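Peer 1: This structure is in structure tokens; I'll ask about it shortly.
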Amino acid sequence: MNIIIIGAGELGRLLAATLSEDHNVVLVDSSQDELDRIKNRFDISILKGSSTDIATLKLAGAALSDAFLAVTGDEATNILACQIASRLGAKKTICRLFSKNCLSPEDGIPAEIYGLNHYFSTSEEAADRVFTVLRKQILQDEFRQSNPATRIVALNIPQNSPIQGVCIKDYPDQSLMKKIRIGAVLRNQQLSTKIRGELSLNQGDRVYVAGLKEDIEAFVDYVTPEDFHSVRNIILTGDDDTCADLAHQACEAGYQVRIICRNRRTAENLQDSLRRDARKIQFFEGDPTDEYILKEAGMEDADVFVNMDSDDEDNILSCILAKGLGVKKVISLTHRPEYLRIFREISMIDCAFSATTISAYSAVRLLQAGTSKLDEFLNESGAKANEFRITTKSPLLGRSIQDAALPSNLTLCLLFRGDEVHTPIGTTVLQENDIVVVIGTSDVFKNIDALFPND
């Protein structure tokens, strides 16, 4: 595919680096410094110029592009760039938004009027992912696929779980087990992707489970003890739309929400964004790295603390302080992808996400370009999840999974065939254009291209 990316910031660079492995990529930005950060590191073309200049977009090849991604840090620029590219002939436009306030289909202002084929909201995508894991104490992460009906989740087996010590083949609800797939288990820092019926899950195991969203929800409830503490009280800190979006979702779900704001102006801006929800929320003004402020907000009795502070160093410090005060679960959102591994190696942070990486996943899913190389690292497990399309060149085409001679440390968790979702078994025969979701160790992905070549 011929892909044009507008914006060489963190998100644009991450997308360019990822997509250039399998596609022809042109990266456009008005800053030569931003372009210089990436030009010698990856096989891409760079073009200095205005993102909304018609001559620049023509020179970039918008008229012949298969996909045009506008991902700058300015929403209006992204919309206008997509509108111009659409008129020039770009086959697909994908726009990064920071809210959806510019769209109102009921008023005759749909995305199409701007020339947008697809769009994603950076703040909403990040808030959605955080909200998913804060709802249940045992949930640690969520990984989305190109099919919006499915998920992979990471969860920790809690003490007194009804499945603790029971072999998978002996679970009472075998009908549910046929609908999901346990793709990997992390136990004592050792990862296993070969899951057999004789395996029993123990307290502290981190389990990666794939399936339809409703079946995943059923499994999470299934493994959670009846007397397990439910989430009620949530404390947030942050100063942008992600904090507002997350607070709105939490209020809608009936949680008690408190927000720590660094100053009065931040509090007023969030209250304006939240509108009616603001009346349900307690606001506290102060530095979230101040233990006194954390105590005043009720951290000692809180169920979940979510830190979305734009200062990553302060983010880490306040998370550590909050955990020390007794909050049951700490979630951190960093804005720098390179910091994500650092956050996840800190034991007092239970879950960590990168807003930039979440946005990149969203863009790649909307691109629907077949095999993608934007691997989802499964926390500290050393495993990855990815999607691959079965092409006419794949040696797996027409073969059953049991006869495919797959690497021992690779598991096929889900299969998308058109609009159908399957949990593959040994006798499942792979067909052209099937999309398979796989989990495997990092080393196996280094030598996997031969199994899943592009056409």
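The values are calculated or read from the model by the stated rules, or taken from the named source; none is laboratory data. The model shown is predicted, which means the values in this text are computed figures rather than measured ones. Cβ coordinates were reconstructed from backbone atoms using ideal geometry, including for glycine residues, and neighbour counts include every protein chain displayed.
Peer 1: Those residues that are modelled with pLDDT under 90 and closer than 19 Å to Val421 by Cβ, I need them from segment 179-194; list them, please.
Peer 2: Of everything in segment 179-194, just one residue is modelled with pLDDT under 90 and closer than 19 Å to Val421 by Cβ, namely Gly183.
Peer 1: While we're looking at this one, here's another question. Could you list, in sequence order, the residues of segment 396-420 that are surrounded by 14 or more Cβ atoms within 10 Å (Cβ to Cβ) and assigned to a loop (DSSP other than H, G, I, E, B)?
Peer 2: Of everything in segment 396-420, those that are surrounded by 14 or more Cβ atoms within 10 Å (Cβ to Cβ) and assigned to a loop (DSSP other than H, G, I, E, B) turn out to be Leu396, Leu397, Arg399, Ala404, Leu406, Pro407, Asn409.
Peer 1: Looking only at segment 99-113, count every residue that is under 19 Å from Leu366 (Cβ atoms) and over 26 Å from the mean Cα position of the chain (by Cα) and tell me the total.
Peer 2: Residues that pass the stated criteria total 2.
Peer 1: Here is a list: Gln256, Gln249. Which entry is free of Cβ contacts under 8 Å to residues at least 40 places away in the same chain, at negative phi, in the same structural domain as Lys328 (by TED's automatic domain parsing) and of a type outside the set (D, E, K, R)?
Peer 2: Only one candidate qualifies: Gln256.
Peer 1: How many residues are without any contact (Cβ under 8 Å) to a residue 40 or more places away in the chain, under 19 Å from Cys243 (Cα atoms) and not hydroxyl-bearing (Ser, Thr, Tyr) when one looks only at segment 308-334?
Peer 2: Of all residues in segment 308-334, those without any contact (Cβ under 8 Å) to a residue 40 or more places away in the chain come to 311-317, 319-321, 323-326, 330, 332, 334.
Next cut, under 19 Å from Cys243 (Cα atoms) only: 311-317, 319, 330, 332, 334.
Adding the requirement that they be not hydroxyl-bearing (Ser, Thr, Tyr) leaves 311-317, 319, 330.
Residues meeting the conditions: 9.
Peer 1: While we're looking at this one, here's another question. Of all residues in segment 36-50 being in contact with a Ser or Thr (Cβ under 8 Å, 6 or more places away or on another chain) and either surrounded by 20 or more Cβ atoms within 10 Å (Cβ to Cβ) or of a type in the set (A, V, I, L, M, F, W, C) (or both), which is farthest from Leu19 (Cα to Cα)? Lay out the reasoning, then the answer.
Peer 2: The initial filter retains those residues of segment 36-50 that are in contact with a Ser or Thr (Cβ under 8 Å, 6 or more places away or on another chain), namely 42-44, 47-50.
From what's left, either surrounded by 20 or more Cβ atoms within 10 Å (Cβ to Cβ) or of a type in the set (A, V, I, L, M, F, W, C) (or both): 42, 44, 47.
Numbers: Phe42: 10, Ile44: 9, Leu47: 17 Å.
That would be Leu47.
Peer 1: If you take the residues of segment 314-357 that are part of a helix (DSSP H, G or I) and touching a Ser or Thr at 6+ places or on another chain (Cβ under 6 Å), which of them is farthest from Asp303 (Cα to Cα)? Walk me through it before giving the result.
Peer 2: Going through segment 314-357, the residues part of a helix (DSSP H, G or I) turn out to be 314-325, 337-344, 355-357.
When the remaining residues are screened for being touching a Ser or Thr at 6+ places or on another chain (Cβ under 6 Å), the result is 314-315, 317-319, 337, 340, 343.
Numbers: Asp314: 21, Asn315: 18, Leu317: 19, Ser318: 16, Cys319: 13, Pro337: 27, Leu340: 23, Phe343: 20 Å.
The qualifying residue farthest from Asp303 (Cα to Cα) is Pro337.
Peer 1: Would you confirm whether any residue within segment 291-307 is surrounded by fewer than 24 Cβ atoms within 10 Å (Cβ to Cβ), of a type outside the set (Ser, Thr, Tyr), closer than 20 Å to Tyr339 by Cβ and touching a residue at least 40 places away in the same chain (Cβ under 8 Å)?
Peer 2: no
Peer 1: Let me spell it out: the conditions are (1) farther than 21 Å from Asn454 by Cβ; (2) touching a Ser or Thr at 6+ places or on another chain (Cβ under 9 Å); (3) of a type outside the set (Gly, Ala, Ser); (4) not in a strand (DSSP E or B), and Leu14 meets all of them except one. Which number is the exception?
Peer 2: (1)
Peer 1: Answer with yes or no whether Thr423 is crowded, with 17+ Cβ neighbours inside 10 Å, at pLDDT 90 or above and over 18 Å from the mean Cα position of the chain (by Cα).
Peer 2: yes
Peer 1: Another question, if that's okay. Among the residues of segment 204-245, write down those that are under 20 Å from Ile138 (Cβ atoms) and part of a helix (DSSP H, G or I).
Peer 2: Listed by number, the residues that qualify are Lys213, Glu214, Asp215, Ile216, Glu217, Ala218, Phe219, Val220, Asp221, Tyr222, Val223.
Peer 1: Surrounded by 20 or more Cβ atoms within 10 Å (Cβ to Cβ), within 19 Å of the chain's Cα centre (by Cα), among the hydrophobic types (A, V, I, L, M, F, W, C) and at pLDDT 90 or above: is that true of Ile216 in this structure?
Peer 2: Yes, satisfied.
Peer 1: Just checking, does segment 161-170 include any residue being assigned to a strand (DSSP E or B) and either at positive phi or under 19 Å from the mean Cα position of the chain (by Cα) (or both)?
Peer 2: The answer is no, given that none of the residues of segment 161-170 is assigned to a strand (DSSP E or B) and either at positive phi or under 19 Å from the mean Cα position of the chain (by Cα) (or both).
Peer 1: Could you list, in sequence order, the residues of segment 114-134 that are more than 15 Å from the chain's Cα centre (by Cα) and either under 14 Å from Ser362 (Cα atoms) or modelled with pLDDT of 90 or more (or both)?
Peer 2: Correct list: Leu116, Asn117, His118, Tyr119.
This table checks each residue for (1) buried (at least 18 other Cβ atoms within 10 Å of the Cβ); (2) over 30 Å from Asn156 (Cα atoms).
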| site | (1), (2) |
| --- | --- |
| Thr77 | yes, yes |
| Ala81 | yes, yes |
| Ser86 | yes, yes |
| Ile113 | no, yes |
| Leu116 | yes, yes |
| Ser121 | yes, no |
| Ala126 | yes, no |
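Peer 1: Looking at this structure, is Arg96 among the charged types (D, E, K, R) and part of a strand (DSSP E or B)?
Peer 2: Yes.
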